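Worksheet for the structure shown next.
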There are 2 protein chains.
Amino acid sequence: MASSKPDIAFIGLGAMGFGMATNLVKQGYKVTGFDVWAPTLERFKAEGGLAATTPAEAVKGKDYCVCMVATAQQAQAVLLEGENAAVPALPQGAAVLLCSTVPCSYVQDLERQLASAGRSDIQLVDAPVSGGAYRAADGTLSIMAGAPDAAIEKSRFLLQEMSDPTKLYIVAGGIGAGSNMKMVHQVLAANQILATSEALGFAAHLGLDLQKATATVIASQGKSWMFEHRSPRSLHPEFQPIASAITIILKDTGIITAEARKAGFPTPMTSAAEQVYFTGVGRGYGADDDSSLVRLYWEGKGKVGPVAGKTQTEEEKLALVVGLLKGIHLCSAGECIAFAARLGLDLDQVFELCINAAGGSAMLEAVGPEMMSLVKTTGAASGVPAGDSLDKVVGELQDAVDEAQRLKAPIFLGSQALNLTRLAMAHRPRTAAAATSGTVVKVWGS
Amino acid sequence: MASSKPDIAFIGLGAMGFGMATNLVKQGYKVTGFDVWAPTLERFKAEGGLAATTPAEAVKGKDYCVCMVATAQQAQAVLLEGENAAVPALPQGAAVLLCSTVPCSYVQDLERQLASAGRSDIQLVDAPVSGGAYRAADGTLSIMAGAPDAAIEKSRFLLQEMSDPTKLYIVAGGIGAGSNMKMVHQVLAANQILATSEALGFAAHLGLDLQKATATVIASQGKSWMFEHRSPRSLHPEFQPIASAITIILKDTGIITAEARKAGFPTPMTSAAEQVYFTGVGRGYGADDDSSLVRLYWEGKGKVGPVAGKTQTEEEKLALVVGLLKGIHLCSAGECIAFAARLGLDLDQVFELCINAAGGSAMLEAVGPEMMSLVKTTGAASGVPAGDSLDKVVGELQDAVDEAQRLKAPIFLGSQALNLTRLAMAHRPRTAAAATSGTVVKVWGS
């Protein structure tokens, strides 16, 4: 069997790429890796991989090339620019799986550049991933792949090797659609990574035991995949291990807000998060794990003069933390789904992908179906299970914002979410019955 | 003449109160001051004032008492709490002018407390001020006074001594109306103080000469009273002199957002500003001049890794700074006017007061009339001069947000303003003609 497996070139052996490439090695593939950072190549050889010194050398004679660099600029550099770029060295008809998170516009431009270079024979697949370094190494990522049918069929086995059997999504729409799908997923990621830091910072201002607060959140409707995965690192004294740098989520966040601006689409949640990420990199924290942003939230505790919170019991305080997260997740779900609708993505697929990937949250599961029914221009909206009343979620969130104000604790996302729900309510017909929480999605337009 | 002037008690000799009280001394009044900080009493005596050691001693036998402490808690303490509080020592029928910025709900509660204490004879005037320490000392403040007619008439001469002849506003609605008027004015102040720091921080990231940028802004539609007054202190190496501490504007900001939350009114601009103020006090900057918040914006320059802005010429860069401020001021004007309408204030009075006080901006002057016509439930909206097209203001703002993203420069308010305009556009009827910029006010509800 092993001998029938094609050789693979793998460009970009960072936090994600290294795990993905070594997983392929473990699955019996001969994988030739390339990375600009020499030590990682040594580590890769120790794991049974082969090392190349240029992209061109890595891909020479390989029918498959996976590219998992950090940015569109890096992809452009390794694939097309310079005399040692990969594309000119690829055999006729080779597949290129671009797994990096890049703007839709970049991967579509890449397709055009291949044609201009006379390399339309290359079977490009727009295949961004989600799931973090552990799932990368485990071959159980979520993958959202867009490409012409022939390219998908040629690469399907390889996509399957890298993904969980239930988490390989073929996204309709060809090149660019996979990146758009990843982008709307990252709306959830960008907000929920920061929400974890915000909630734990708020918990610190409240004087809660942070381990207990974490356990409470994970057992509540304030739960998210990001909270489960980031909170242990936020509470580590050195924010270790560094699983995903702040610069990485800032890059993804920037793709969302820049593409949204081009489309004239408002992203109040993601934009608020982005400003905090800018603040973090401006403090010099860019290379640190994104869970370390909790520093920006709790550093002021004890330095803001006398404060007097109103909540007395631990139970009340824990409820505020949960209410904060529920409110944020409600609005990040709304922004994700409204943006997906604007981009014309298959909303059912968006929902299924997101609840099973790093963007998942209890709130999204509860309100997603109703939100989707509200933004769909066709099809029946009736019979969709609806979440809590908007008044209930807003009331809990407002309690948290009130208390944070008394404590002079920053809660950028919670404050934003509360204002968004209020804006949504201001546009609700006055005759309407009490709204369900999913109706907040209407604030993004109707 | 001087002998006919009544004696005045003045409680609270801080940055504002000291100037107000010494101005009264200069106008020939015998003024007895009280402050918890002894050195300021010595300074006051040097200026010709008299000093009391308790509030009760200060007001004894005085028919007029001006209270200019920093917060509602302090007002409550000096007026009513403890054995040396002022109210029990006041003669029958004395006037109390509460000039502090407090929530409407507090001053209304104070009126009830006076009645409960059997002191309905006291002629309370709800009389917050605006204009800064220089105008306080000059007797040319803006004052917004709400009270029953008899109380206003009794105190009118004193209000006139402290205010510019054209800037004494008698606000209809009695006790609480003055504080509500001050509160909506402070929507402009809270945003435009921070906008000054944001614009100068952005200018620093752009590599502009900051003195030149300041001069350009002041000659442009991005001009505001706050920018003119704060920018020199932002550019002072030690942010001197300390004319108004960050804790002061944070306190006013908190009144706005807390009262808005009680009313279910969204304040996305002021809330975004408040989060940055929390960050500033959390960094330990609370006692510094509010112009020093520019530190939070420019500290990241050179620490965010390689960045590549697109704008080349100084002229283009200056236009981005102006576009940023115009966009922020457009949205702070909208939030101010929409909130004033929600509170039932006289919008024409709000506008006249604000453009002539510390909240004034070129943008408010340009778009205020149209915004007022749009939120008025009665009266004709036609014939109101309209500002630039919304597309133009949004386009300029988007250019600034795009460039700030490329530079990884935080612009909390500019980013928020852009998203608000996009939300407003998403709710515009699709058949509508190109909107004028004042229509952004509709995002707060209609």
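Laboratory data are not the source of any read-out in this text; all were calculated from the coordinates shown. Here the structure is a predicted model, which means the values were calculated and not measured. So basically every Cβ, Gly included, is an ideal-geometry build from the backbone, and we count neighbours across all protein chains shown.
Key figures for this structure:
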| quantity | calculated |
| --- | --- |
| Cβ-Cβ FRET estimate between A:ALA172 and A:ARG406, R0 fixed at 51 Å, reported to 0.05 | 0.55 |
| Among B:ALA204, B:ALA115, B:ALA189, residue whose mean-square fluctuation peaks in a GNM of chain B (springs only between Cα atoms under 10 Å) | B:ALA115 |
| Least to most buried among A:ILE255, A:ILE218 (fewest other Cβ within 10 Å first) | A:ILE218, A:ILE255 |
| Residues whose placed amide H lies under 5 Å from that of B:ASP388, excluding near-sequence neighbours | B:SER437 |
| Pairwise FRET efficiency - A:LYS303 versus B:THR313, Cβ, R0 = 35 Å, nearest 0.05 | 0.25 |
| Under the Karplus curve 6.51 cos²θ - 1.76 cosθ + 1.60, θ = phi - 60°, whole-Hz ³J(HN,Hα) for segment A:41-55, x wherever Gly or Pro sits | 5, 4, 4, 5, 5, 5, 8, x, x, 9, 10, 10, 9, 9, x |
| Spread of Cα-to-Cα distances over 5 Å intervals beginning at zero, given as percent, for segment A:285-408 | 2, 10, 15, 17, 16, 14, 12, 8, 5, 2, 0, 0 |
| 17 Å Cα-Cα reach of A:LYS5 towards aspartates and glutamates, excluding residues that sit fewer than 8 places from it in its own chain | A:ASP63, A:GLU153, A:GLU161 |
| Average Cα contact separation per residue, segment B:14-143, under 8 Å, 6 or more apart, as relative contact order % | 26 percent |
| Relative contact order (%) - criterion: Cα under 8 Å, at least six apart; region: segment B:131-199 | 33 percent |
| Segment B:116-144-segment A:166-244 distance, computed between alpha-carbon centres (Å) | 49 Å |
| Calculated on alpha-carbon atoms, Rg and Dmax of the protein assembly as shown in Å | 30.0, 110 |
| Ascending count of other beta-carbon atoms within 10 Å, so fewest first, for B:ILE152, B:ILE249 | B:ILE152, B:ILE249 |
| For A:ASP126, B:ASP109, A:ASP289, order by how many other beta-carbon atoms lie within 10 Å, fewest first | B:ASP109, A:ASP289, A:ASP126 |
| Within segment A:83-187, GluC sites (Glu not before Pro) in DSSP loop having at most 13 other beta-carbon neighbours inside 10 Å | A:GLU83 |
| Formal net charge of residues neighbouring A:VAL375 (Cβ-Cβ distance under 9 Å; K, R +1; D, E -1) | +3 |
| Charge sum, other residues only, whose C-beta stays under 12 Å from B:SER271's C-beta, Lys/Arg counted +1 and Asp/Glu -1 | 0 |
| Estimated D of segment A:1-53 in µm² per second, where Rh is the Kirkwood radius over Cα pairs and Stokes-Einstein applies at 10 °C, 1.306 mPa s | 148 µm²/s |
| Gaussian network model of chain A, springs between alpha carbon atoms under 10 Å - residue of A:LEU90, A:LEU235, A:LEU200 with greatest fluctuation | A:LEU235 |
| Computed [θ] at 222 nm, helices only, for chain B once each DSSP H run of length n ≥ 4 contributes -39500 (n - 2.57) | -17000 deg cm²/dmol |
| Estimated FRET transfer efficiency when R0 is 51 angstrom, pair A:ALA434-A:ALA150 (beta carbons, to 0.05) | 0.50 |
| Label point distance in nm, B:GLU57-A:GLN211, each placed 7 Å from Cα along Cα→Cβ | 5.6 nm |
| Share of Cα-Cα pairs in chain B lying beyond 35 Å, as whole percent | 31 percent |
| Segment B:327-359 versus segment B:252-275: alpha-carbon centroid distance in Å | 15 Å |
| Viscosity 1.567 mPa s, 4 °C: Kirkwood-radius Stokes-Einstein D of segment B:136-278 over Cα pairs, µm²/s | 76 µm²/s |
| Charge sum, other residues only, whose C-beta stays under 12 Å from B:GLN27's C-beta, Lys/Arg counted +1 and Asp/Glu -1 | +1 |
| Descending semi-axes in whole angstrom, ellipsoid equivalent of segment A:1-146, from the Cα gyration tensor | 22, 17, 15 |
| Candidates per GluC sites (Glu not before Pro) in segment B:204-268, loop by DSSP, up to 10 other Cβ within 10 Å | B:GLU238 |
| Base-10 log of normalised Debye intensity for segment A:117-213 (one unit scatterer per alpha-carbon) at q = 0.10, 0.14, 0.17 Å⁻¹ | -0.40, -0.63, -0.79 |
| Relative contact order computed over chain A (Cα-Cα under 8 Å; 6+ residues apart), in percent | 13 percent |
| Normalised convex hull volume, segment B:61-181, alpha-carbon set, Å³ per residue | 97 Å³ |
| Candidates A:ALA15, A:ALA358, A:ALA263: whichever shows maximal mean-square fluctuation once chain A is modelled as a Gaussian network with Cα springs under 10 Å | A:ALA263 |
